[in-house]
């Protein structure tokens, strides 16, 4: 089992009446009304400190991401964050997981191929290359991608990137969306023919079909917790079987918000305001910014119309107790957290847990305390799961030696 620190890098100090003034965390908020560049500089540095702290505590990987024109997470270029993390963790047994640069809105996509190759070289071959198709609001509104072309562009761009990483000769690319007369990438990644590829998605749609078909790792980024993901995971594993792939849990990654305290009561008290901040102010987005016509392919559109339990949930109406009871956030004592996580891990058959140990308005001191308790009291109970039966083919080769998780956690 690989357990990784995921971080969104949100704006941590929005005004109390933010959700009354703005209907979305995306596009609508005006920078000069609610934000401060000095504070944002502090947030970037705090985010890097928190992720480096997680690496020292013994987590297996550090996950960056990319979003645009919103207060929910603004690592606008994850390669910049990844470069700092790669350099500062040299000598540590930790993966640099870019989840990651969005191909459809980057022209030419060989730019991302270059950046990722640099990160693999700087890290000494520890890169996991994540390629999200991109949220509709990011791709269409922020970057002007034609909705019906978003997934076409993504697939062509990824094919170009993979070839650019491993081709032995100069080649020309004459695709539908990208035309390059001479491709001869410098540098090339250490990992050949390419680093492990992870592709995020929010449900089982054409993205999952593509990921399983290409034998990459699928990352389910739902923010609604393992309790509410059984329908998605069941359909995913049915798809894997139908495509003739093996049942290796490492081909499935899952994101979960986690808050650990000394007791259940203390944890609920510590994390309540930050959970409400996350779901009320940051995650809430009206459908007109996500369900943009043309962004979903036909099968995914049919699925969303037939089964979309999230459509009936008004996140801004939920209190912290609702978020905890529904499993959106796993909160409690170390014993409670590890029991809930183990239940979800086994039920969903996840091989990589992406632990969101910072969420919402959480200050750095609380985040580091969360990391400490998680690494010391929870991580050792998860790390050995699956190791005796499956090989993680979606992990950097240089990091595959088994680590003594309990000893690492005790040392931290």
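The values are calculated or read from the model by the stated rules, or taken from the named source; none is laboratory data. Keep in mind the model is a prediction, meaning the values are calculated, not measured. Heads up, the Cβs are rebuilt from the backbone with ideal geometry, glycines too, and the neighbour counts pull from every protein chain shown.
Do the conditions hold for residue 168, that is, is it more than 17 Å from residue 396 (Cβ to Cβ), modelled with pLDDT of 90 or more and part of a loop (DSSP other than H, G, I, E, B)? Step through it out loud before you land on a result.
On the way: more than 17 Å from residue 396 (Cβ to Cβ): yes; modelled with pLDDT of 90 or more: yes; part of a loop (DSSP other than H, G, I, E, B): yes.
The answer is yes for residue 168.
I'd like to check something: does segment 36-43 contain any residue that is in contact (Cβ under 8 Å) with a residue 40 or more places away in the chain, within 19 Å of the chain's Cα centre (by Cα) and closer than 27 Å to residue 96 by Cβ? Walk me through it before giving the result.
Start the filter on segment 36-43 by keeping residues that are in contact (Cβ under 8 Å) with a residue 40 or more places away in the chain, which leaves none.
No, because not a single residue in segment 36-43 is in contact (Cβ under 8 Å) with a residue 40 or more places away in the chain, within 19 Å of the chain's Cα centre (by Cα) and closer than 27 Å to residue 96 by Cβ.
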Residues of segment 108-144 classified as surrounded by fewer than 24 Cβ atoms within 10 Å (Cβ to Cβ), at pLDDT 85 or above and either more than 19 Å from the chain's Cα centre (by Cα) or at positive phi (or both), total
9
Against the condition at pLDDT 95 or above and either surrounded by fewer than 19 Cβ atoms within 10 Å (Cβ to Cβ) or under 24 Å from the mean Cα position of the chain (by Cα) (or both), how does residue 251 come out, does it pass?
yes
Quick one: in segment 82-107, which of the residues that are surrounded by fewer than 24 Cβ atoms within 10 Å (Cβ to Cβ) and touching a residue at least 60 places away in the same chain (Cβ under 8 Å) is nearest to the chain's Cα centre (by Cα)?
93
Among the residues of segment 47-62, which ones are buried (at least 18 other Cβ atoms within 10 Å of the Cβ), assigned to a helix (DSSP H, G or I) and in contact (Cβ under 8 Å) with a residue 60 or more places away in the chain?
47, 50, 53, 54, 57
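Answer yes if at least one residue in segment 384-392 is at pLDDT below 85 and part of a loop (DSSP other than H, G, I, E, B), and no otherwise.
Restricting attention to segment 384-392, the residues satisfying the condition of being at pLDDT below 85 are 387-388.
Restricting the remaining residues to those that are part of a loop (DSSP other than H, G, I, E, B) gives 387-388.
Within segment 384-392, one or more residues are at pLDDT below 85 and part of a loop (DSSP other than H, G, I, E, B).
Can you tell me how many residues in segment 308-333 are in a helix (DSSP H, G or I), in contact (Cβ under 8 Å) with a residue 60 or more places away in the chain and surrounded by 19 or more Cβ atoms within 10 Å (Cβ to Cβ)?
Of the residues in segment 308-333, the ones in a helix (DSSP H, G or I) are 309-312, 315-317, 320-325.
Add one more test, that the residue is in contact (Cβ under 8 Å) with a residue 60 or more places away in the chain, and what stays is 309-310, 316.
Those still in the list that are surrounded by 19 or more Cβ atoms within 10 Å (Cβ to Cβ) too: none.
Residues that pass the stated criteria total 0.
So, in segment 223-236, exactly how many residues are in contact (Cβ under 8 Å) with a residue 24 or more places away in the chain and surrounded by fewer than 19 Cβ atoms within 10 Å (Cβ to Cβ)?
Let us first name the residues in segment 223-236 that are in contact (Cβ under 8 Å) with a residue 24 or more places away in the chain, namely 223-233, 235-236.
Next, from what is left, pick out any that are surrounded by fewer than 19 Cβ atoms within 10 Å (Cβ to Cβ): 227-228, 230-231, 235.
Residues meeting the conditions: 5.
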